[in-house]
Structure formats: structure tokens, C-alpha cells
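*Asks:* Following this message is one structure expressed as C-alpha cells.
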Amino acid sequence: MKQILFITFIMGMLIGNLFYGAIFDNDVQYAYGSGIERDSPQNWIPEQDIKVYNSGVVINVKNPEWARFADTNSMDPLFDEDANAIEIIPESVDDIEVGDIVSYKYNDISIVHRVVEKGIDEQGVYFIMKGDNNSDDDPYKVRFDQIQRVVVAIIY
Ligand SMILES: [Ca+2]
Ligand SMILES: [Ca+2]
């Protein structure tokens, strides 16, 4: 039986009613520009699983985990130490694609970087990771058993 957990963000206290109209009346917002296409995260949470009410926001997601970040700057400007994130545990190697932001174990630390390459070698599937703000890829292949979670929402 699949269990659905609910996360409720009480935004009513944080965002005044005046701002609701400005934010939520526009269904689609455009980030205008002429930049090149880059790999973005997959659509982990379908639109119908995000409910926006006057009193708050409910995101319907299975097995959510709360996450915070260390101030390493490697993912600036996307998120920094004050951001919170919702992460989920991926079920299989097929779930992870280029563009996703995942946390993985390396030695005793947890690193949160973006998948920039997915390939196959003699040991199976591997991922190459990179901090958005780093000039170089992480210098090793990451395997699925090192991957802990996938970032599905960032909250500022
Ligand atoms: Ca894109
Ligand atoms: Ca920083």
C-alpha cells in the first residue's frame, strides 16, 4: 500500500494577502532571455500534486525528507545555506537523469550537486556530478548506491 504524506507550508503568516494576487494570479511566468538550453531537473512533482490555498501550500509527495545545506557556495546562486529543500529517495537508477540535483555520499560527507552526465561502464551505470558554481566536474564517478536523495523542491 502506498502511503501519501503531506507537507504543509504555512505561508499565510509569511506572505501577506496583498502578495498572493501578484504571485498566484499568473499561471505561467516567463524567464525572458536568450540563454542556451541547459539540463534542468525532471518534473518530479506533477502539477496536480501542488495545491495552493490562501492559508498555505500542500505538496503531495511520497517519502519526503527535509534538507538544509552547508555554505560551500558550490550551488550558488540556486541555493545557499539559508534555503530549505524537500528531497525524496529515488527508487532505481532509472529515476535519475542529467539535470537532476541529488545528494550523494562521498567518504563521510553528503554532497549536493547536479547530474551532468549519465553513462555506463564495466561496473554499470555511473553519474558525473558538478556544482553549478564549480568550474570542474566532481573528479570521480558516482554510483547509484551512493545516491541518497533527489531534490524535488527548494524553498527560500
Ligand atoms: Ca532547461
Ligand atoms: Ca554562500
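Read-outs throughout are calculated quantities, based only on the coordinates presented, and are distinct from any laboratory measurement. Because the structure is a prediction, the values reported are computed rather than measured. Please note: Cβ atoms are built from the backbone with ideal geometry, for glycine as well, and neighbour counts cover all protein chains shown.
*Asks:* I want to verify the translational diffusion coefficient of segment 51-143 in µm²/s; compute it with Stokes-Einstein, Rh as the Kirkwood radius over Cα pairs, at 10 °C and 1.306 mPa s.
*Replies:* Stokes-Einstein gives a translational diffusion coefficient of 107 µm²/s.
*Asks:* Can you find, among Phe144, Ile89, Val61, the residue farthest towards the positive end of the dipole of segment 5-155? Put +1 on the C-beta of Lys and Arg, -1 on that of Asp and Glu.
*Replies:* Of the listed residues, the answer is Val61.
*Asks:* Do any of Lys105/Lys130; Lys62/Lys118; Lys105/Lys141 go past 19 Å between their Cα atoms, and which?
*Replies:* Lys62/Lys118
*Asks:* Shifting gears a bit: Assign unit charges at the C-beta atoms only (+1 for Lys and Arg, -1 for Asp and Glu), then state the dipole size of segment 102-143 relative to its Cα centre in Debye, rounded to the nearest 20.
*Replies:* 160
*Asks:* Continuing with this model, one more query. For segment 5-155, what relative contact order do you get, as a whole percent, if you take Cα pairs closer than 8 Å and at least 6 residues apart?
*Replies:* Value for segment 5-155: 22 percent.
*Asks:* Continuing with this model, one more query. With θ taken as phi - 60° and the coefficients 6.51, -1.76 and 1.60, list the Karplus ³J(HN,Hα) couplings across segment 124-132 in order, rounded to whole Hz; mark glycine and proline as x.
*Replies:* After applying 6.51 cos²θ - 1.76 cosθ + 1.60, I find x, 6, 10, 10, 9, 10, 7, x, 3 Hz.
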